């Protein structure tokens, strides 16, 4: 028997990225920005989105690129169409502040190669849900392989990366008084 990979998407994670002092400084930068600047893009109700290029996050960007390298090494033997040479990356970066009661609805980042999120403050603020697009309407046979939703329960300092075409959403922040604060990265191959 031969096995030929057809569709495959995986989640790559690192825990406890950055020192607490770095997280605190980045949190302060984001909250100061949110206090004086209107949200960019089309944020969801109760969510502020800001342009991440103004903040000091180089230490996270390095980790995102390293994780993207590991994901590429993982996928290259499985997909002959995937680039076989080492790449440099271009990152599109923004931040989110989700107040208690807010959420981010189902969406994707299809134009990018990978998407990543770094949780500055994520503990007890809701799951990240990744959905197999073939089963977005929950119509597949429940015994078929890989049709389930995947839920990631973030902790402060977690970094997670996945193929950008995978639809995802963030559950309602059910905490009483804790904002979900994160930085999101879309990863592209640099020209």
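Here 158, 149 are screened, and the one residue that is at pLDDT 85 or above and surrounded by fewer than 16 Cβ atoms within 10 Å (Cβ to Cβ) is 149. For segment 46-65, filtered to residues that are in a loop (DSSP other than H, G, I, E, B) and at pLDDT 90 or above, the residue that is surrounded by the fewest Cβ atoms within 10 Å (Cβ to Cβ) is 56.
Restricting attention to segment 79-93, the residues that are under 14 Å from the mean Cα position of the chain (by Cα) and either assigned to a helix (DSSP H, G or I) or surrounded by fewer than 17 Cβ atoms within 10 Å (Cβ to Cβ) (or both) total 1. Please state which one of 51, 10, 79, 33 is farther than 15 Å from residue 117 by Cα, in contact (Cβ under 8 Å) with a residue 24 or more places away in the chain and in contact with a helix residue (DSSP H, G or I) (Cβ under 9 Å, 6 or more places away or on another chain). It is 33. Looking across segment 66-98 at every residue that is in contact with a strand residue (DSSP E or B) (Cβ under 6 Å, 6 or more places away or on another chain) and under 30 Å from residue 4 (Cβ atoms), the one that is modelled with the lowest pLDDT is identified as 87.
Within the bounds of segment 111-119, is there any residue that is over 17 Å from residue 180 (Cβ atoms), modelled with pLDDT of 95 or more and part of a strand (DSSP E or B)? Within segment 111-119, one or more residues are over 17 Å from residue 180 (Cβ atoms), modelled with pLDDT of 95 or more and part of a strand (DSSP E or B). Residues that are within 17 Å of residue 12 (Cβ to Cβ) and modelled with pLDDT of 90 or more within segment 130-146 comprise just one, 130. The residues on offer are 187, 170, 97, and the sole one that is crowded, with 18+ Cβ neighbours inside 10 Å, in contact (Cβ under 8 Å) with a residue 40 or more places away in the chain and over 20 Å from residue 13 (Cβ atoms) is 97. Taken over segment 6-45, the residue count meeting the criterion of being surrounded by 13 or more Cβ atoms within 10 Å (Cβ to Cβ) and at positive phi is 1. Filtered by the rule that a residue be exposed (fewer than 15 other Cβ atoms within 10 Å of the Cβ) and closer than 16 Å to residue 167 by Cα, segment 122-138 gives 133, 134, 136, 137, 138.
Give the residue that is nearest to residue 177 (Cα to Cα), with candidates limited to residues of segment 120-135 that are in a loop (DSSP other than H, G, I, E, B) and in contact with a strand residue (DSSP E or B) (Cβ under 8 Å, 6 or more places away or on another chain). The extreme case among them is 125.
The values are calculated or read from the model by the stated rules, or taken from the named source; none is laboratory data. Note that this is a predicted model, so its numbers are computed, not measured. Glycine also receives a Cβ, built like all others from the backbone with ideal geometry; neighbour counts cover every protein chain displayed.
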